[in-house]
Amino acid sequence: MSETLDEQSRADLVRYRIERADETLMEASLLAKEGYYNAAFNRLYYACFYAALALLVKNGITTSTHAGVKTMLGLHFVSKGLLEKEHGKTFSRLFEIRHSGDYDDFVYCDKEMTDEYTPLAKAFIQRIKEILEKNK
């Protein structure tokens, strides 16, 4: 997204991205409940990805790739102490596992992995919301 947004459009896009994060987190829970752990893990990553996009958009930071989102999040928020390192690590690990699950052969997520990362993804999204709320 390289176009310049006016203040209202930026606020609308941030709100939309957070709504998508929440909705996608619910999708992850439903998929995990049915035993679709690879798909659930994919949705956990995307829920965090949408929240990260909201934070970047709010701050006028643009990127066109998933790796770019990870890089910009680390550069502008984690390295400056605005987002805790543990949350940066969560996002990076979700990125790696999702990428591997989508592109590598014989990669399987299981219930234990999904159970471990679901609360971490929720905490990541909650922290993004707190940062956004503080910077209104």
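Values for this structure:
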item: Single residue of the stretch 84-106 satisfying the filter (open to solvent by 80 Å² or more (accessible area, probe 1.4 Å) and either touching a helix residue (DSSP H, G or I) at 6+ places or on another chain (Cβ under 6 Å) or at pLDDT 90 or above (or both)) that is farthest from LEU120 (Cα to Cα); result: GLU96
item: Per-region count, the stretch 35-63, residues farther than 20 Å from LEU5 by Cα and among the hydroxyl-bearing types (Ser, Thr, Tyr); result: 4
item: Looking only at the stretch 60-83, and only at residues there that are assigned to a helix (DSSP H, G or I) and open to solvent by less than 40 Å² (accessible area, probe 1.4 Å), the one that is farthest from PHE124 (Cα to Cα); result: GLY68
item: Residue under evaluation LYS129, criteria (1) in contact (Cβ under 8 Å) with a residue 60 or more places away in the chain; (2) under 13 Å from the mean Cα position of the chain (by Cα); (3) surrounded by 17 or more Cβ atoms within 10 Å (Cβ to Cβ), criterion not met; result: (3)
item: Matching residues in the stretch 5-28 - criterion: being in a helix (DSSP H, G or I), surrounded by fewer than 16 Cβ atoms within 10 Å (Cβ to Cβ) and aliphatic (A, V, I, L, M); result: ALA11, MET26
item: Positions within the stretch 90-114 being among the acidic types (Asp, Glu) and not in a helix (DSSP H, G or I), in sequence order; result: ASP104, ASP105, ASP110
item: Condition broken by TYR117, with the remaining ones in (1) among the aromatic types (Phe, Trp, Tyr); (2) within 13 Å of the chain's Cα centre (by Cα); (3) not in a helix (DSSP H, G or I) satisfied; result: (3)
item: Qualifying residue in the stretch 12-31 (condition: more than 12 Å from ILE128 (Cβ to Cβ), among the aromatic types (Phe, Trp, Tyr), modelled with pLDDT of 95 or more and touching a helix residue (DSSP H, G or I) at 6+ places or on another chain (Cβ under 9 Å)); result: yes
item: Evaluation of THR118 against (1) within 27 Å of THR4 (Cα to Cα); (2) open to solvent by 20 Å² or more (accessible area, probe 1.4 Å) (one fails), failing number; result: (1)
item: The stretch 29-59: number of residues that are among the aromatic types (Phe, Trp, Tyr), over 15 Å from VAL107 (Cβ atoms) and open to solvent by 30 Å² or more (accessible area, probe 1.4 Å); result: 1
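The values are calculated or read from the model by the stated rules, or taken from the named source; none is laboratory data. These numbers were taken from a predicted model, which means no experiment stands behind them. Ideal geometry is used to build each Cβ from the backbone, glycine not excepted, and the neighbour counts take in all protein chains shown. The accessibility values were calculated without ligands, DNA or RNA, using every heavy atom of the protein model including side chains. Shrake-Rupley method; radii C 1.70, N 1.55, O 1.52, S 1.80 Å.
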